[in-house]
Amino acid sequence: MTTRLAFDLPPALEARGPAEARGLARDGVRMMVAHRGSGELVHATFRDLPDHLREGDLVVINTSATIPAALHGVTEAGEHIAVHLSTKLMADRWVVEFRRLTGTGSKTERWTTDAAVPARVALGEGAWTDLIGPYHDSDRLFVVRLTLPQRDLDWLAANGQPIRYQYVNNAWPVEAYQNVYATVPGSAEMPSAGRPFTPEVITRLVAKGVGVAPIVLHTGVASLEADEMPYPERVKVSPTTAALVNTTRENGGRVIAIGTTVVRALESAADTYDHVEPYDGWTELTITPERGVRVIDGLLTGWHEPEASHLLMLEAIAGRDLLEKSYDASLAEGYLWHEFGDVHLIVP
């Protein structure tokens, strides 16, 4: 398999809060546009997105909404820990990540199978988890039975917080982690490539003749320490979106994925003839340069951590040379990383 891109990420380039906290509008973050055909890099602002797309293109967005998936727990031994809900498997079965508290604020470290995993964690009155076992071959994710006194989304709204990592300085409400078009709750972490979108940008896209179509993919917990391949995620591609993708490609338009989640969803729904079919289920697809992409022409994404598995997907779309050139430029020009940072548009 291709070696993942490796580089040093200076702490100064970690976005520590939403763009609004830096005095910017959502669509005011920086955007690097990388042209696969010419190798040209253009430095722009996200609100310029319509200027870099063409009439007849199709933008595909992920309408999954972020849930307040971070919970405070107490083990049977009396240790206070963080519990991050990752993926809902069925009514009372969830994949979770346990994290030890290592300081104030959001500083935690993941709990792995080399330590005694808590059999039961109390989450509050009438709420707890019971350990079932490891999730797939993961050493950090576990399947639990989640017992709650009311419907899970209602209980989480009252008792949960958005998952945040130590580079985010302050606690922000879940609304700060929502994309403006999010409608279907289920993501443990924000599908963050879409965060810069505003109603105004969407209006300008439509006015230019660029289509906008939704999919749903509920993201699990990434965990900063884990350079793992992606785990199964719940996905839905509607008949309408499948038809729009196919029609766009047949008419010579380009399909632009907003986020790696959209790439995974659409590529999972593509058949061996590169035709997208409606899909409602789970995806275990991993996209690498060797596998390539079948129905995606371009991608808007954030800037990914060194050696992250997402970089393999980006290489499949951009090619290694352009990817290295983009990341070298992003570091030199001071682009910001993580869910509140700047974005990277890869086009043919």
- Query: Do you know which residues across segment 110-169 are among the acidic types (Asp, Glu) and in contact (Cβ under 8 Å) with a residue 40 or more places away in the chain?
  - Reply: 152
- Query: If a residue has to be over 21 Å from residue 209 (Cβ atoms), part of a strand (DSSP E or B) and touching a residue at least 24 places away in the same chain (Cβ under 8 Å) to count, how many in segment 31-87 make the cut?
  - Reply: 21
- Might you let me know whether segment 48-62 holds any residue that is surrounded by fewer than 17 Cβ atoms within 10 Å (Cβ to Cβ), of a type in the set (Lys, Arg) and not assigned by TED's automatic domain parsing to the domain that holds residue 212? no
- Message: For segment 30-42, which positions are in contact with a helix residue (DSSP H, G or I) (Cβ under 8 Å, 6 or more places away or on another chain) and exposed (fewer than 14 other Cβ atoms within 10 Å of the Cβ)?
- Response: 39
- Give the number of residues within segment 295-313 that are at pLDDT below 95 and charged (D, E, K, R). 2
- Task: Could you figure out which of (1) at pLDDT 95 or above; (2) loosely packed, with under 15 Cβ neighbours inside 10 Å isn't true of residue 216?
- Result: (2)
- Would you mind finding the one in 324, 307, 267, 315 that is touching a residue at least 12 places away in the same chain (Cβ under 8 Å), in a loop (DSSP other than H, G, I, E, B), not assigned by TED's automatic domain parsing to the domain that holds residue 87 and not polar (S, T, N, Q)? 307
- Return a yes/no flag: does segment 233-254 have any residue that is closer than 22 Å to residue 4 by Cα, of a type in the set (S, T, N, Q) and buried (at least 20 other Cβ atoms within 10 Å of the Cβ). no
- Of all residues in segment 268-281, count the ones that are out of contact with any Asp or Glu (no Cβ under 7 Å at 6 or more places or on another chain) and within 17 Å of residue 218 (Cβ to Cβ). 4
- Output yes when any residue across segment 105-118 is surrounded by fewer than 19 Cβ atoms within 10 Å (Cβ to Cβ), modelled with pLDDT of 90 or more and assigned to a loop (DSSP other than H, G, I, E, B), and no when none is. no
- residue 16 is checked against (1) over 15 Å from residue 329 (Cα atoms); (2) part of a strand (DSSP E or B) and fails just one. What number does that condition carry? (2)
- Task: Could you tell me whether any residue of segment 215-223 is more than 13 Å from the chain's Cα centre (by Cα), touching a residue at least 40 places away in the same chain (Cβ under 8 Å) and under 24 Å from residue 282 (Cα atoms)?
- Result: yes
- Message: Please count how many residues of segment 207-252 are in a helix (DSSP H, G or I) and touching a helix residue (DSSP H, G or I) at 6+ places or on another chain (Cβ under 9 Å).
- Response: 5
- Task: Go through (1) at pLDDT below 90; (2) surrounded by fewer than 16 Cβ atoms within 10 Å (Cβ to Cβ) one by one and return the number of the condition residue 92 breaks.
- Result: (1)
- Query: Among 101, 85, 123, 141, which is the only one that is outside the structural domain of residue 233 (by TED's automatic domain parsing), crowded, with 19+ Cβ neighbours inside 10 Å, of a type in the set (A, V, I, L, M) and modelled with pLDDT under 95?
  - Reply: 141
- Task: Quick one: count up the residues across segment 256-285 that are exposed (fewer than 14 other Cβ atoms within 10 Å of the Cβ) and among the β-branched types (Val, Ile, Thr).
- Result: 1
- Query: How about segment 124-147: which of its residues are closer than 15 Å to residue 86 by Cβ and either in contact with a helix residue (DSSP H, G or I) (Cβ under 7 Å, 6 or more places away or on another chain) or assigned to a strand (DSSP E or B) (or both)?
  - Reply: 129, 131, 132, 133, 134, 141, 142, 143, 144, 145, 146
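The values are calculated or read from the model by the stated rules, or taken from the named source; none is laboratory data. The model shown is predicted, which means the values in this text are computed figures rather than measured ones. FYI the Cβ positions are ideal-geometry reconstructions off the backbone, even for glycines, and counts take in every protein chain you see.
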